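Colleague: So that we are looking at the same thing, I have put the structure below in structure tokens.
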Amino acid sequence: MSYHWLMTKIISMLRPNFLVFIFAVLLLSCNNSPKNAVVNSPVIIKPMDTIHTGLITEDTLHLPFDTAYPQSILVSNVLLHGDEVPLDAESQDWYGLFKSGNHYYVDTTKIKIQICWDMIVDPDDSSERTGKFVHTLHKDTAVLLIAKATLPQGYATENLIKPQRFIYPEEDTLTYKSRGITYKLYATALKGFSEHYSDTGYFNYRLYLSAIKEGKMVTQLLIATPHLQFETIDFIGDIDGDGVPDIIFYLTGEDESVPTLFLSRNAGPNTLLKAVAQSIYVGC
């Protein structure tokens, strides 16, 4: 009887038991989470595709993105390209979020459109003028103009934060309170090399908002972008009069400014805010 034959025989006898042992280990490892683990409310995320650039798998998910927002917004006291202002803007009913010193309020307003020379688009000889400058017929500074909405008139509110750039993942959670409820904004992202342009170096950026709503913790994905530039949070406070803080974001693209309005009034039972309006203003 050879040594090789003997070892082969022993291994063949042990193999079934060995496989049973491996299966048992794997089964136990799949059930090793604590029985009392708390499962948070699911985050609402749309399906995403990915593209490979450099050392990062870059998501192509963009939130918010909607071509049929229920309301419209407009900025004032800034020279805009002609196609960035609705043709019927002067005849629309506008509300403004206004600032007077350190105080904010919502009120109705009329606007006046001034036709100006657009140095980016129009000929240098000024033979054509297509630029538009939006004036509000109101004594105070408009933070944002809102149309196709029903908002409180003369409603005093406050900005719960100082205008600031988006939260970076390494930073603490941004918290604010309203009517005894604490709201938390926090972010996740990757940071590293990519062939795609990014001002900050953050990719696959996600900005979440969480708070208690109707006795249940709700976590909502508000913003998603493949590469984070210098987006800002301009205003957090109650605009629509329901006591829940709304948000004005300023998103950016390559040579774009994208103000975006989130309101709480029609957010739905499992969400905190709803994107209701967005405008895109191109620099060059």
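Colleague: Within 25 Å of V134 (Cβ to Cβ), assigned to a strand (DSSP E or B) and of a type in the set (G, A, S): is that true of S257 in this structure? Spell out the reasoning first.
Modeller: Details: within 25 Å of V134 (Cβ to Cβ): yes; assigned to a strand (DSSP E or B): yes; of a type in the set (G, A, S): yes.
Against the criterion (within 25 Å of V134 (Cβ to Cβ), assigned to a strand (DSSP E or B) and of a type in the set (G, A, S)), S257 qualifies.
Colleague: If you don't mind, another one. In the list G268, G283, G253, which residue meets the criterion of being in contact (Cβ under 8 Å) with a residue 60 or more places away in the chain and small (G, A, S)?
Modeller: On the way: G268 fails: in contact (Cβ under 8 Å) with a residue 60 or more places away in the chain; G253 fails: in contact (Cβ under 8 Å) with a residue 60 or more places away in the chain.
Sole residue among the options that is in contact (Cβ under 8 Å) with a residue 60 or more places away in the chain and small (G, A, S): G283.
Colleague: Something else: Scan segment 141-164 for residues that are closer than 19 Å to S264 by Cβ and polar (S, T, N, Q) and report the count.
Modeller: Total satisfying the criteria: 4.
Colleague: If a residue has to be in a loop (DSSP other than H, G, I, E, B) and not acidic (D, E) to count, how many in segment 100-148 make the cut? Steps first, answer last, please.
Modeller: If we filter segment 100-148 for residues that are in a loop (DSSP other than H, G, I, E, B), which is where we start, we get 101-102, 110, 117-130, 137-140, 148.
The next check asks that each one be not acidic (D, E); those that pass are 101-102, 110, 117, 119-121, 123, 126-127, 129-130, 137-139, 148.
Selection size over segment 100-148: 16.
Colleague: If the requirement is being charged (D, E, K, R), buried (at least 17 other Cβ atoms within 10 Å of the Cβ) and over 12 Å from the mean Cα position of the chain (by Cα), which of these qualifies: K184, K216, K191? Can you show your working first?
Modeller: Details: K184 fails: buried (at least 17 other Cβ atoms within 10 Å of the Cβ); K216 fails: buried (at least 17 other Cβ atoms within 10 Å of the Cβ).
Every option except K191 fails the conditions.
Colleague: With the condition kept exactly as written, say whether any residue in segment 47-55 is out of contact with any Lys or Arg (no Cβ under 8 Å at 6 or more places or on another chain) and either under 21 Å from D238 (Cβ atoms) or modelled with pLDDT of 90 or more (or both).
Modeller: Step one: list which residues in segment 47-55 are out of contact with any Lys or Arg (no Cβ under 8 Å at 6 or more places or on another chain), which gives 47-55.
Next, from what is left, pick out any that are either under 21 Å from D238 (Cβ atoms) or modelled with pLDDT of 90 or more (or both): none.
No: segment 47-55 contains no residue that is out of contact with any Lys or Arg (no Cβ under 8 Å at 6 or more places or on another chain) and either under 21 Å from D238 (Cβ atoms) or modelled with pLDDT of 90 or more (or both).
Colleague: Sticking with this structure for a sec: Determine which member of the set L228, L261, L207 is within 13 Å of the chain's Cα centre (by Cα), in contact (Cβ under 8 Å) with a residue 40 or more places away in the chain and under 25 Å from T150 (Cα atoms). Working first, answer last.
Modeller: Working: L228 fails: under 25 Å from T150 (Cα atoms); L207 fails: under 25 Å from T150 (Cα atoms).
Sole residue among the options that is within 13 Å of the chain's Cα centre (by Cα), in contact (Cβ under 8 Å) with a residue 40 or more places away in the chain and under 25 Å from T150 (Cα atoms): L261.
Colleague: Filter segment 79-92 for residues that are within 27 Å of the chain's Cα centre (by Cα) and loosely packed, with under 12 Cβ neighbours inside 10 Å and give the result.
Modeller: The answer is D83, and nothing else.
Colleague: Still on this structure, I have one more. Of the conditions (1) buried (at least 20 other Cβ atoms within 10 Å of the Cβ); (2) of a type in the set (A, V, I, L, M); (3) under 24 Å from N77 (Cβ atoms); (4) at pLDDT below 95, I233 satisfies every one except a single condition; which number is it?
Modeller: Condition not satisfied by I233: (4).
Per-residue answers, yes or no, for (1) surrounded by fewer than 17 Cβ atoms within 10 Å (Cβ to Cβ); (2) without any contact (Cβ under 8 Å) to a residue 12 or more places away in the chain; (3) over 30 Å from T57 (Cβ atoms); (4) in the same structural domain as G283 (by TED's automatic domain parsing):
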| residue | (1), (2), (3), (4) |
| --- | --- |
| L97 | no, no, yes, no |
| K112 | yes, no, yes, no |
| C116 | yes, no, yes, no |
| R129 | yes, no, yes, no |
| T136 | no, no, yes, no |
| G154 | yes, no, yes, no |
| I167 | no, no, no, yes |
| E170 | yes, yes, no, yes |
| G180 | yes, yes, yes, yes |
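Colleague: Keeping to segment 102-144, report how many residues are more than 28 Å from the chain's Cα centre (by Cα), among the hydrophobic types (A, V, I, L, M, F, W, C) and under 24 Å from S72 (Cβ atoms).
Modeller: 7
Colleague: Just the residues that are assigned to a strand (DSSP E or B), under 23 Å from Y104 (Cβ atoms) and either in the same structural domain as Y104 (by TED's automatic domain parsing) or hydrophobic (A, V, I, L, M, F, W, C) (or both), please, taken from segment 188-242. Give the steps one after another, and end with the answer.
Modeller: Taking segment 188-242 as the starting set, the residues that turn out to be assigned to a strand (DSSP E or B) are 188-191, 202-213, 216-227, 232-237.
Filter once more, keeping what is under 23 Å from Y104 (Cβ atoms): 207, 209, 211, 222-223, 232-237.
Within segment 188-242, L207, L209, A211, L222, I223, I233, F235, I236 qualify.
The values are calculated or read from the model by the stated rules, or taken from the named source; none is laboratory data. Source: prediction; values computed, not measured. Don't worry about glycine lacking a Cβ; one is built from the backbone with ideal geometry, like all the others, and counts go over all protein chains shown.
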